[in-house]
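Data block below; observations after.
Taken together, the values in this text are just the output of simple stated rules run on the coordinates, not laboratory data. The model shown is predicted, which means the values in this text are computed figures rather than measured ones. Neighbour counts are summed over all protein chains in view; Cβ atoms, including those assigned to glycine, are modelled from backbone coordinates with ideal geometry.
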Amino acid sequence: MLLFRSEETVKKWCIAHAIPLRPLIDLNQLWYLAMTWYGNRLTADSRRPGPDEMAGIFAQIGLAGPFWDPKADQW
Amino acid sequence: MDLDTAVKLKIYETIALTTHAPTAKDVAAALQLPLADVEAAFESLHNRRLLVPEPGDPSRIRMAPPFSGTETPFRARVQGKLYFANCAWDAFGIPAALHQDAFIEAADGFSDEPIRLEIKDGQPVSQPCVIHFAVPAAKWWEDIIFT
């Protein structure tokens, strides 16, 4: 997951690396993911979310479809 | 508290305090445990996707997400300390894990133009920037270092 100043530089990176353009998210969505994933990481009860939990977290910020489905085999 | 949890907490406590990932030997000494037990806990934490060992050396930590055990282009400055993150997500994950505001230093993935972000009062400060996910969620752990 890389940061880019704009969608234009993402497209140039994709061409340079022969990788298709994939979904983009903004800083508020990234912060939500960071808080849900890592907000309790330094505690005894912390764990990585399971696949269904992950899909639910993504859906909360509008990220849906096979690309965001940890159980998908096509995207 | 079970062994895996004790080892996990010692790893994160050490990184939060020193900014450096401990080795299995460091953790064994700190917890006064046999090295073999700590190495087994490292493997268990890896299987639970909470730790990534250094390739070729399972006693060293490459990732204790969101923290990186090695220097990377993703840096988080928190209360005067410099931490390294594994990716854009983890760069925000460090202030999230530490519950602190932070400055994030990174660069545009294509142009290498420096990008400086800020978490202030528990929220990201808005500025032009996007994050690109090149790998689908189902594939993230097939090569987590690339992801």
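Ordering A:SER46, A:ILE25, A:MET1 by Cα displacement along the dipole of chain A toward the positive end leaves A:MET1 in first place; charges were set at the Cβ atoms of Lys, Arg (+1) and Asp, Glu (-1).
Per residue, the protein assembly as shown reaches -11000 deg cm²/dmol at 222 nm when only DSSP H runs of four or more residues are counted, each adding -39500 (n - 2.57). For the pair B:GLN32 and B:GLN100, a Förster radius of 41 Å applied to the C-beta separation gives a FRET efficiency near 0.85, rounded to the nearest 0.05. When only alpha carbons are used to place a centre, the stretch B:50-108 and the stretch A:3-21 end up 23 Å from one another.
With N denoting the number of residues in the stretch B:3-64, provide Rg(C-alpha) divided by 2.2 N^0.38 Å, to two decimal places.
On the way: Rg = 10.1 Å, N = 62, 2.2 N^0.38 = 10.6 Å.
For the stretch B:3-64, the normalised Cα radius of gyration is 0.95.
Other residues within the sphere of radius under 12 Å centred on the Cβ of B:ALA91, judged by their own Cβ, net out at 0 (K and R +1, D and E -1). In this simple spin-label model, placing a label point 7 Å from the Cα along the Cα-to-Cβ direction at both B:HIS20 and B:ASP57 gives a separation of 1.2 nm. As a length-normalised measure over Cα pairs under 8 Å and 6 or more apart, the relative contact order of chain A settles at 18 percent. Given their separation in residues at 0.36 nm each and the Cα-Cα distance between them, A:ASP52 and A:HIS17 gain 9.5 nm when the chain is fully extended.
I'd like the per residue volume of the convex hull spanned by the Cα atoms of the protein assembly as shown, given in cubic angstrom. Working shown, then result.
Numbers: hull volume 27.2 nm³, N = 222.
Value for the protein assembly as shown: 123 Å³ per residue.
If eta is 1.002 mPa s and T is 20 °C, what Stokes-Einstein diffusion coefficient results for chain B, Kirkwood Rh from Cα pairs, in µm²/s?
Details: Rh = 16.1 Å.
Reported coefficient: 133 µm²/s.
For the stretch B:1-85, the set of trypsin sites (Lys or Arg not before Pro) satisfying both a DSSP loop assignment and a count of at most 16 other C-beta atoms within 10 Å is given as B:ARG48, B:ARG49. For the stretch B:1-90, the set of GluC sites (Glu not before Pro) satisfying both a DSSP loop assignment and a count of at most 11 other C-beta atoms within 10 Å is given as B:GLU71.
Can you give the Rg to Rh ratio of the stretch A:1-74, both from alpha-carbon atoms, with Rh computed by the Kirkwood formula?
Radius of gyration over Kirkwood radius for the stretch A:1-74 works out to 1.03.
The angle between the Cα long axis of helix B:88-98 and the main principal axis of chain B comes to about 60°, on a 0 to 90 degree scale.
When only DSSP loop residues count, what trypsin sites (Lys or Arg not before Pro) in chain A have their Cβ near at most 11 other Cβ atoms within 10 Å? Let's see the in-between values first.
Details: sites: A:ARG5, A:LYS11, A:LYS12, A:ARG41, A:ARG47, A:LYS71; in loops: A:ARG5, A:ARG41, A:ARG47, A:LYS71.
Listed in order of number, the matching sites are A:LYS71.
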